[in-house]
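Just below is one structure, and these are the notes that go with it.
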Amino acid sequence: MNNTMTRFQKHSAWLPCFFLLSVAGGALLFFTPFVGAQPIDIETPRDLLAVAEPPLTAPTPAAPVAPPRPSGKDEKRQKLVESFWSGSFPSVEISFDPKEWENLKRDNRRYAKGMLVERAKTFKEVAVKLKGSMGSFQGPDGKPGLTLSFNHYKKSEPFHEKSDPFHGLKKIHFNNCAQDVTYLHEQIAGEIARKAGVPASRCSHGFVKWQGRELGLYVTKEAFNKDFLGAFYKSVDGDLYDGGSLLDLEEKMEKDQGDPMEKAALKELIAASKEGDNAKRWERLGKILDVDLFASYLAIEVTLSHWDGYSFHRNNYRLYRDPYTGKFSFLLHGMDQTFKDPNFPIMPKSEALVTSAFMRCPEGQRLYKAKLDSIYANVIKPIDWGARVSEVGGRVQEALVAKNPRLGKDYASRISEARTSVTNRIAALGRMLEDMP
């Protein structure tokens with residue numbers, strides 16, 4: 001007994017020291033994160049949309065490979081690209097010799113070899129094909145939507161900033177805006193999405209003369225290629241799928257980039273989305289889908305009332321698997337009909353495979369709600385988007401006046417129409433978020 005008490009007394013003498021060390025250690029752990037910490041850059045899209053919930057994603061694959069640094073010539077080309085999207089509107093003339101014109105008319109979804117002239121500069125061997133789906137497609141004798149590739153016939157030739165390619169662009173779309181008479185919705189929607197960190201193309205405007213006919217105003221749009229992917233992903237060499245028209249994910253989806261026969265990752269995304277158990281589904285989705293980015297993507301579709309996108313019409317989307325993380329994410333597309341429904345619900349029902357699978361998980365619902373709140377608070381409210389519509393529309397109107405004063409005068413009502421659509425949707429969104437349980 002005495003020996004036991006003696007040992008207790010010896011050890012108890014250390015208790016005050018142990019207590020002081022514990023307190024000091026706890027204080028050190030508490031204050032260490034704030035010592036030398038850098039302020040959060042709220043302009044960084046993924047930081048901007050970060051939520052305080054515990055991490056919901058699974059760990060990314062080990063030992064990712066960093067993307068190669070751009071060469072000096074590629075940096076020069078990128079500067080040309082940046083200036084194109086913020087610069088003056090191009091006026092281009094596209095023409096074909098008789099044989100290529102007949103080829104285009106016979107199969108307008110395949111590239112035909114044409115020539116493009118902009119001011120005094122001529123681009124030969126430009127690959128041209130028609131684009132668009134049910135609502136926007138027009139044949140070569142109408143006002144067709146166009147895809148132009150400037151390196152399709154000379155992929156192995158090095159870039160030369162004085163001659164190739166068109167403003168540094170390897171590929172570009174000219175949208176006829178058959179479903180948007182304002183010519184403004186796609187650009188404004190894309191700007192909102194990009195500020196929220198959601199992949200979307202940059203847009204501007206231009207004029208097209210087509211095989212001798214003046215077709216007038218178009219929306220110029222950034223193509224889905226490695227230049228585009230480089231703005232959002234650490235690696236640009238992953239699989240890029242075309243969602244097609246009115247099609248959900250399926251194993252036979254076409255690839256715009258990557259091994260066309262390699263579909264193992266796509267099969268896993270489909271299988272994970274079909275998992276019946278909520279907990280297991282969330283775990284599997286976290287390993288193959290960037291759930292954080294998907295929540296932002298869905299929140300943007302809702303914010304823009306993008307009824308013609310993936311989640312609500314299984315239409316107008318691209319799917320990219322980043323080899324750096326091994327995970328899929330969705331790319332916004334076809335946003336010419338956004339903002340049309342100001343009362344588009346913020347908790348909508350979706351039959352799209354991935355969206356339905358995501359929202360049937362409690363974690364997915366929480367993450368989506370957090371992203372929707374954050375986008376509204378940090379992207380929608382701080383910016384006068386109505387004024388931005390007027391600013392972009394004003395540039396278009398000036399360009400139209402330079403072409404034809406009457407066209408410029410008539411376009412004023414289109415600017416007003418687009419501004420009303422955008423501001424009405426934002427106002428309705430704010431009301432619904434306040435009422436959202």
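What follows draws every value from the coordinates through simple rules; no lab data is involved. This structure is a prediction, so every number in the text was calculated from the model and none was measured. Please note: Cβ atoms are built from the backbone with ideal geometry, for glycine as well, and neighbour counts cover all protein chains shown.
Taking only pairs that are 8 or more places apart or on different chains, how many Lys pairs in the stretch 327-371 have Cα atoms under 20 angstrom apart?
Details: LYS327/LYS371; LYS340/LYS349; LYS349/LYS369; LYS349/LYS371.
So the count of such lysine pairs works out to 4.
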Q | Pair ASP74, LYS252: separation of 7 Å Cα→Cβ label points (nm) | A | 3.6
Q.
Quick check: net charge around ASN424, other residues with Cβ under 13 Å of its Cβ, Lys/Arg +1 and Asp/Glu -1?
A. +2
Q) FRET efficiency for GLU398 and LYS99, Cβ-Cβ distance as r, R0 = 41 Å, nearest 0.05? A) 0.55
**Q.** Percent breakdown of C-alpha pair distances by 5 Å bin, ordered from the shortest bin, for the stretch 334-437
**A.** 2, 11, 16, 18, 17, 12, 8, 7, 5, 3, 1, 0
Q. Long-range amide H contacts for ASP239: which residues qualify at under 5 Å (H placed 1.01 Å from N, peptide plane, sequence gap of 5 or more or a different chain)?
A. ARG321
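Exceeding 28 Å between C-alpha atoms, which entries from my cross-link table qualify? They are LYS154/LYS209; LYS226/LYS403; LYS113/LYS234; LYS113/LYS409.
Numbers: LYS154/LYS209 24 Å; LYS226/LYS403 34 Å; LYS113/LYS234 34 Å; LYS113/LYS409 37 Å.
Table pairs above 28 Å Cα-Cα are LYS226/LYS403; LYS113/LYS234; LYS113/LYS409.
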Q) Could you give me the ³J(HN,Hα) list for the stretch 112-128, computed from phi with Karplus coefficients 6.51, -1.76, 1.60 and θ = phi - 60°, whole Hz, x at Gly and Pro? A) 10, 8, x, 10, 10, 10, 10, 6, 9, 9, 10, 10, 8, 6, 8, 7, 10
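At a Förster radius of 60 Å, what calculated FRET efficiency corresponds to the Cβ-Cβ distance of SER88 and ASP341, to the nearest 0.05? Could you put the intermediate results ahead of the total?
Values: r = 34 Å, r/R0 = 0.57.
Using R0 = 60 Å, I get an efficiency of 0.95.
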(Q) 7 Å from Cα along Cα→Cβ at both GLU268 and ASP410: what's the point-to-point distance in nm? (A) 5.5
(Q) Given points 7 Å out from each Cα along the Cα-Cβ axis, report the VAL117 to GLN211 separation in nanometres with one decimal. (A) 1.8
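Tell me, Kirkwood radius of the stretch 308-393 from alpha-carbon pair distances, in Å?
About 15.2 Å, per the Kirkwood formula over Cα pairs.
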Q) Quick one: if the Förster radius is 25 Å, what FRET efficiency do ASN424 and ASN378 give, using the C-beta to C-beta distance and rounding to 0.05? A) 0.75
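Around ILE172, with a cut-off of 13 angstrom between Cβ atoms, what is the net charge of the other residues, counting Lys and Arg +1 and Asp and Glu -1?
Numbers: positive: LYS129, LYS131, LYS170, LYS171, ARG202, LYS221; negative: GLU118, GLU222, ASP227.
Its environment carries a net charge of +3.
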